[in-house]
1. Looking at the range 190-200, which of its residues are open to solvent by 10 Å² or more (accessible area, probe 1.4 Å) and within 14 Å of the ligand (Cβ to nearest atom)?
2. Pro163 fails exactly one of the following numbered conditions: (1) out of contact with any strand residue (DSSP E or B) (no Cβ under 6 Å at 6 or more places or on another chain); (2) buried (at least 24 other Cβ atoms within 10 Å of the Cβ); (3) under 24 Å from Phe328 (Cα atoms). What is the number of that condition?
3. For Thr266, are the conditions met, namely being out of contact with any Ser or Thr (no Cβ under 9 Å at 6 or more places or on another chain), touching a residue at least 12 places away in the same chain (Cβ under 8 Å), surrounded by fewer than 16 Cβ atoms within 10 Å (Cβ to Cβ) and within 16 Å of Asp315 (Cβ to Cβ)?
4. State all residues of the range 180-189 that are β-branched (Val, Ile, Thr) and open to solvent by 20 Å² or more (accessible area, probe 1.4 Å); if no residue qualifies, say none.
5. (1) over 26 Å from His106 (Cβ atoms); (2) open to solvent by less than 10 Å² (accessible area, probe 1.4 Å); (3) out of contact with any Lys or Arg (no Cβ under 8 Å at 6 or more places or on another chain): which one isn't true of Leu236, the others all being true?
6. Can you tell me which residues in the range 309-333 are under 18 Å from Arg252 (Cα atoms) and in a loop (DSSP other than H, G, I, E, B)?
Amino acid sequence: MFSAFRRKIALASPIVSGSRSRRLFSTQLHNIANPPRILVTGAVGQIGSELVPFLRKRYGVNNVIASDVSEIHSSSAEGPYVQADIMKFDKLDEVIQKHDINFVIHLACVLSAIGEQIPVLALKVNTRGIENILELARINKLRVYAPSSIAIYGPTTPKDETPQECVARPTTIYGITKVYTELIGEYYHQRFGVDFRSLRYPGIISSEAQPGGGTTDYAVEIYHEAIANKKYTCFLKEDTKMPMMYMPDTLRGTIQLIEAPEETLTQRSYNLTGMSFTPAEMAKEIQKEIPEFQIDYSPDFRQAIAESWPRSIDDSVARRDWNWKPEFNLSSMTKHIISRLREKKNLPST
Ligand SMILES: NC(=O)c1ccc[n+]([C@@H]2O[C@H](COP(=O)([O-])OP(=O)(O)OC[C@H]3O[C@@H](n4cnc5c(N)ncnc54)[C@H](O)[C@@H]3O)[C@@H](O)[C@H]2O)c1
């Protein structure tokens, strides 16, 4: 502990200028001869369980070290996995040295709905976690990608086509910690030259991984329930419109940003979206594939969180800077997910 602390102090200066340090901290990620050595924190979660295999396919199985607070995960069967608590600086430092890491993808987090139930835990994990990662990045000259969220926005934010740059005064502890993540990441970039990048994900919908306790989780649960029981009770009101994105678009957008040449970026943290819809619109789309499907509504505490967030997002800056464009809309995503779930359960396609 003490030696790591001494090393932190010793390396705290001199401060390097943005342009020189950007050269120091940047890695050509798509250079096949010299692939990045990536540590993924929170790898067991909804996004990690799909992003890790995706990264391994692109950069090589042994170049992507999955980690989480849990002892073991199935992704460990497909490649290296280490148990590491994001709060433990020295353990993370040890993993970084041992595996020769030069890039951290920081997914470890407590999400919005769980965060409102255990705010002190969310505050600690979400703030200490990014602080540890950024300090390790400064000391070890690592690149950092840490997702933000549309939860940075709050009730005073324009709700429709929320622009890249506007008021961000969230009312959830999760949103507050995500504003902090963006700002502290941008500070480490301009002060110490850490190549920090972030995407403000909307609700992420996946057919494979289960969601981890967010306010948009209904949009994943609904498909599983539609296949299993042909009915679903939604915890949001039928007309609650929210921005969302299908996992394949999320993976593609994430890779696009992390591989984008530095000179194309005008932001460190980008708005990003795929589509916007209400639970009623989603149910109607599911009924096209499963006509017997029924939905009812029993809004809970997550309704207030959803109502504090944008209804739709303007991601034109990401589209302009690094050619972002989602491929899935509500209809194509619904068809894709239902056929994947039927395949997995060996059900006939209609
Ligand atoms: N899933 C979404 O809809 C969504 C939307 C917007 C932003 N994001 C962001 O994407 C990132 C990943 O989200 P996710 O949906 O995969 O979350 P998740 O809750 O599914 O996974 C988070 C992971 O972090 C791990 N974790 C928690 N505390 C930890 C600790 N102390 N040390 C190490 N690991 C710890 C958990 O075990 C879990 O596996 C987060 O930053 C989240 O804010 C997700």
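The values are calculated or read from the model by the stated rules, or taken from the named source; none is laboratory data. Everything numeric here is computed off the predicted structure, so don't read it as measured data. All Cβ positions, glycine included, derive from the backbone under ideal geometry; neighbour counts span all protein chains shown. These accessible areas exclude ligands, DNA and RNA; they are computed on the full protein's heavy atoms, side chains included. Shrake-Rupley method; radii C 1.70, N 1.55, O 1.52, S 1.80 Å.
1. Arg200, the sole residue that qualifies.
2. Unmet condition: (2).
3. For Thr266, the condition - out of contact with any Ser or Thr (no Cβ under 9 Å at 6 or more places or on another chain), touching a residue at least 12 places away in the same chain (Cβ under 8 Å), surrounded by fewer than 16 Cβ atoms within 10 Å (Cβ to Cβ) and within 16 Å of Asp315 (Cβ to Cβ) - is met.
4. Quick first cut of the range 180-189, residues β-branched (Val, Ile, Thr) only: 181, 184.
Ile184 - this is the single residue of the range 180-189 that is β-branched (Val, Ile, Thr) and open to solvent by 20 Å² or more (accessible area, probe 1.4 Å).
5. (3)
6. Asp315, Asn323, Trp324, Lys325, Pro326, Glu327, Phe328, Asn329
Each row is one residue, and each column tells you yes or no for (1) open to solvent by 40 Å² or more (accessible area, probe 1.4 Å); (2) in contact with a helix residue (DSSP H, G or I) (Cβ under 7 Å, 6 or more places away or on another chain); (3) within 11 Å of the ligand (Cβ to nearest atom).
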| residue | (1), (2), (3) |
| --- | --- |
| Leu123 | yes, yes, no |
| Ser149 | no, yes, yes |
| Thr157 | no, no, no |
| Val167 | yes, no, no |
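Yes/no per residue for (1) within 12 Å of the ligand (Cβ to nearest atom); (2) over 19 Å from Gln267 (Cβ atoms); (3) surrounded by fewer than 21 Cβ atoms within 10 Å (Cβ to Cβ); (4) at pLDDT below 95:
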| site | (1), (2), (3), (4) |
| --- | --- |
| Lys178 | yes, no, no, no |
| Ile204 | yes, yes, no, no |
| Ala209 | yes, yes, yes, yes |
| Ala219 | yes, yes, no, no |
